[in-house]
Amino acid sequence: MSKTNRDPEIVYLISGSNLGDRSEHLRNAIEKAKERVGGLFVLSSIYETEPWGFRHETPFLNQVSGWYTRRSPHELLHELMTIEQESGRIRKEGEYAARSLDIDILFYGRDVISMGKLIIPHPRICERRFVLVPMDEIAPDFIHPVMNKSMRDLLKECQDSLWVRKFMGN
């Protein structure tokens, strides 16, 4: 089915940056996604977060966004990787590292997909407060299609102890 004939799907994305002008990378990601992903319907606050999975002196800025898209999951992944590359992202396979921009698909409707590099819902949502805190802000009652729990309940159960705080700007 072509993207123009597809009914819009609700997707949630998380954007993160800890290199360069972190705020600008997030703003640019949203603007580019408006052109390539679809219609933005909700945007969380920006959160400053401790790096997850590795040590780095610069914390991440993270933000969750909700979109209506006609893109297929694979088309969406391709567009997001292009936006990352345009922001200077150099992808290092198999390791967590500092990055100018990272955009992950958290949810694609209630679909469950596992096809190579495309795994939806994102497999580590339940382990990461930096995802669950902004998801709880914008969609606390959204039900994880595999865990069958709300974002609020998953946040309450999350064992991640890394700090996550609202970013107040420079």
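The values are calculated or read from the model by the stated rules, or taken from the named source; none is laboratory data. Being a predicted model, the structure only gives us computed values, none of them experimental. Please note: Cβ atoms are built from the backbone with ideal geometry, for glycine as well, and neighbour counts cover all protein chains shown.
Among the listed residues Asp102, Asp160, Asp153, Asp141, identify the single one that is closer than 24 Å to Ser45 by Cβ and within 16 Å of the chain's Cα centre (by Cα). From the options Asp102, Asp160, Asp153, Asp141, the qualifying one is Asp102. Filter the stretch 45-74 for residues that are β-branched (Val, Ile, Thr) and at pLDDT 95 or above; which is surrounded by the most Cβ atoms within 10 Å (Cβ to Cβ)? Here the answer is Val64. When each of Asp160, Asp153 is tested for being surrounded by 14 or more Cβ atoms within 10 Å (Cβ to Cβ) and part of a loop (DSSP other than H, G, I, E, B), the lone residue that passes is Asp160. Selection of the stretch 24-64 for residues being farther than 21 Å from Arg129 by Cβ and among the basic types (Lys, Arg) yields Arg27, Lys32, Lys34, Arg36.
Scanning the stretch 122-170 for residues that are over 19 Å from Leu61 (Cβ atoms) and of a type in the set (Val, Ile, Thr) yields Ile143, Val146.
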